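> One structure, pasted below without further comment.
The values are calculated or read from the model by the stated rules, or taken from the named source; none is laboratory data. Given the structure is predicted, the values throughout are model-derived calculations rather than measurements. Methodologically, a virtual Cβ is constructed for each residue, glycine included, from the backbone with ideal geometry; neighbour enumeration extends over all protein chains shown.
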Amino acid sequence: MSGDNDLTDAADTGTGRTSAATGLTGTDADITGLTYTDATDLAARIRRREVSAREVVQAHLDRIERVNPRVNALVSLDPEGAMAAAAAADEHMARGGTAGPLHGLPIAFKDTHLTRGMRTTYGSPLRADSVPDEDELLVQRIQAAGAIRIAKTNVPEFGAGSHTFNPVFGVTRNPYDLTRSAGGSSGGAAAALAAGLQPLADGSDMGGSLRNPASFCNVVGLRPTPGRVPSYPAWNPWDTLTVPGPMARTVADAALLLSVMAGPDPRCPVSLEGPGEPFREPLERDLAGLRVAWTPDLGGRVPVDAEVREVLEPQAEVFRQLGCRVEADCPDLDGADDVFRILRAHHFDLALGAALDASREALKPSLAWNIEQGRRLTGPDLARATACRARLHLSAVDFFTRYDVLLAPVSQVAPFDAAAEYPATVAGEPQHTYIDWMRSAYFVSVLGVPALSVPAGFTPDGLPVGLQIVGPPRADLAVLRVGAAYEAATGHGRRHPDILGKIAT
């Protein structure tokens, strides 16, 4: 399936070699190399005027033209608008204007995030022609920092499920194997990062929607502490199960994006005080003495496929070699499954109940099922879930007095067949619904703590596997620092796909 792609190693890495497939030589190939330059470096080069915003945006648009038809990560592209914005950014610099932290960097926003004047479809036929007249808060903040909007990133229908497909735009495919899922719901974002279509990506996470696609696509995704990145507008402004967050190809780049996304807003009642700027500080840290808990299966609570275990088991030793004290342990997660399913179903009923009543036939069956689960809930059900979640949060707070971080699988499976809605089995155990296989991520969601997905290696078939680094509440910066040290020690994220079945490094 991937053999008819027209990319080459030279085009991917910007080595300057001639590409027979693309005809790129010299400067053209070097410009294409911008698409795998770290966002922090790229932004610095633009500020120093070593490269223009026009060149950066055009390089990404050229790569999108060649690669996106294979991967289907980006939708609703606006190349003309992007180039006009890039020209304006260059003119601003030429007049002596100051550059924001993301000045000149192209970005595509998740298709569940409102973008003024650009379609926001939620991957649903019910919203296929919806064009908002305002940007939502995180979009405003990212663009105010100088980023240039080029498109939207593909999502599952209404963001439901961790496999990105919908009847509006189709399936997003994994850049490392085009027959496999890119994960979801921020699957288009993760695939676009891995394929070199954008240097940064926004996303959101309820049950793993930042972490699962990051794991599947060998990139970085951070589920921040609830309230770290405020949401506005929101279906339920008091919700702390769903959080916006950053994705990138490196931990430092994710921290850079978080620095402009974070910070309080009075319209979000759960937003945390404190500015985002500290996330732009250097992340280097000596991990000697760090107290690390390691659980390969969340204390025996979730099945994990053998190929994922085989990649993750050696990672504890990496931390030992970095001077950490590693012990086998896991926080209390008893009842987390019930809590998540109840709160998720309640959320879908609140947000989409009217859509079910008006246009049931336009919703995928799994989504309709989840809404109906919400409608069956009683007051005692919600009270039980709320009380259990409170207990689990307090237990996690206590757990993190004994440990600095927890290491666990992000996903229980490697990227699965893109033709399937979800894996039929995990480690031989049947999965009965579209969320069963996501427990290793959504159990952590219930705790209300920050969790980072960072590349941890590859299966024998070359499929990416992510490591989940979890920290105490509000310790987002500490989690990023641990992730950066692990990233530097392993370098797994530096292995990029060339969409030909070969690897460009």
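> Looking at the structure I just gave you, is residue 128 among the hydrophobic types (A, V, I, L, M, F, W, C), under 23 Å from residue 350 (Cβ atoms) and free of Cβ contacts under 8 Å to residues at least 60 places away in the same chain? Don't jump to the end; show me each part of the working.
Numbers: among the hydrophobic types (A, V, I, L, M, F, W, C): yes; under 23 Å from residue 350 (Cβ atoms): yes; free of Cβ contacts under 8 Å to residues at least 60 places away in the same chain: yes.
Taking the combined requirement at face value, the residue satisfies it.
> A follow-up question, please. Go through (1) without any contact (Cβ under 8 Å) to a residue 40 or more places away in the chain; (2) surrounded by 13 or more Cβ atoms within 10 Å (Cβ to Cβ) for residue 355 and report which single condition fails.
Looking at each condition in turn, residue 355 falls short on (1).
> Another question about this same structure. Only residues that are free of Cβ contacts under 8 Å to residues at least 40 places away in the same chain, of a type in the set (A, V, I, L, M, F, W, C) and part of a helix (DSSP H, G or I): list them for the range 370-404, please.
Within the range 370-404, 371, 383, 387, 390, 394 qualify.
> Now a separate question. Just checking, does the range 106-123 include any residue being under 14 Å from residue 260 (Cβ atoms) and touching a strand residue (DSSP E or B) at 6+ places or on another chain (Cβ under 9 Å)? Please lay out each step first, then the result.
To start, the set of residues in the range 106-123 that are under 14 Å from residue 260 (Cβ atoms) comprises 107, 109.
Next, only the ones that are touching a strand residue (DSSP E or B) at 6+ places or on another chain (Cβ under 9 Å) stay: 107, 109.
Among the residues of the range 106-123, at least one is under 14 Å from residue 260 (Cβ atoms) and touching a strand residue (DSSP E or B) at 6+ places or on another chain (Cβ under 9 Å), which makes the answer yes.
> Do we have residue 276 as small (Gly, Ala, Ser) and surrounded by fewer than 18 Cβ atoms within 10 Å (Cβ to Cβ) here?
Numbers: small (Gly, Ala, Ser): yes; surrounded by fewer than 18 Cβ atoms within 10 Å (Cβ to Cβ): no.
No; evaluated as a whole, the condition is false for this residue.
> Filter the range 93-113 for residues that are touching a Leu at 6+ places or on another chain (Cβ under 9 Å), part of a loop (DSSP other than H, G, I, E, B) and among the hydrophobic types (A, V, I, L, M, F, W, C); which is surrounded by the most Cβ atoms within 10 Å (Cβ to Cβ)?
Residue satisfying both the conditions and the ranking: 105.
> Can you name every residue in the range 192-220 that is over 18 Å from residue 449 (Cα atoms) and part of a strand (DSSP E or B)?
Matches in the range 192-220: 200, 201, 202.
Yes/no matrix, rows are residues, columns are (1) crowded, with 24+ Cβ neighbours inside 10 Å; (2) touching a Pro at 6+ places or on another chain (Cβ under 6 Å):
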site	(1), (2)
203	yes, no
209	yes, no
224	yes, yes
229	yes, yes
234	no, no
241	no, no
247	yes, no
255	yes, no
264	no, no
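> Of the residues 407, 477, 467, 452, only one is over 14 Å from residue 214 (Cβ atoms) and in a strand (DSSP E or B); which? Working first, answer last.
Details: 477 fails: in a strand (DSSP E or B); 467 fails: over 14 Å from residue 214 (Cβ atoms); 452 fails: over 14 Å from residue 214 (Cβ atoms).
The unique qualifying residue is 407.
> In addition: Quick check: anything in the range 73-87 crowded, with 24+ Cβ neighbours inside 10 Å, within 20 Å of the chain's Cα centre (by Cα) and either modelled with pLDDT of 95 or more or over 28 Å from residue 442 (Cβ atoms) (or both)?
Among the residues of the range 73-87, at least one is crowded, with 24+ Cβ neighbours inside 10 Å, within 20 Å of the chain's Cα centre (by Cα) and either modelled with pLDDT of 95 or more or over 28 Å from residue 442 (Cβ atoms) (or both), which makes the answer yes.
> Which residue, of 90, 129, is of a type in the set (Asp, Glu) and assigned to a loop (DSSP other than H, G, I, E, B)? Even if it seems obvious, please write down each step before you answer.
Details: 90 fails: assigned to a loop (DSSP other than H, G, I, E, B).
Selected residue: 129, the only one of 90, 129 that is of a type in the set (Asp, Glu) and assigned to a loop (DSSP other than H, G, I, E, B).
One line per residue, one yes/no per condition, for (1) among the hydroxyl-bearing types (Ser, Thr, Tyr); (2) crowded, with 19+ Cβ neighbours inside 10 Å; (3) without any contact (Cβ under 8 Å) to a residue 60 or more places away in the chain; (4) closer than 30 Å to residue 360 by Cα:
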{"residue": "304", "(1), (2), (3), (4)": "no, yes, no, no"}
{"residue": "308", "(1), (2), (3), (4)": "no, yes, no, no"}
{"residue": "328", "(1), (2), (3), (4)": "no, no, yes, no"}
{"residue": "342", "(1), (2), (3), (4)": "no, yes, yes, yes"}
{"residue": "347", "(1), (2), (3), (4)": "no, yes, no, yes"}
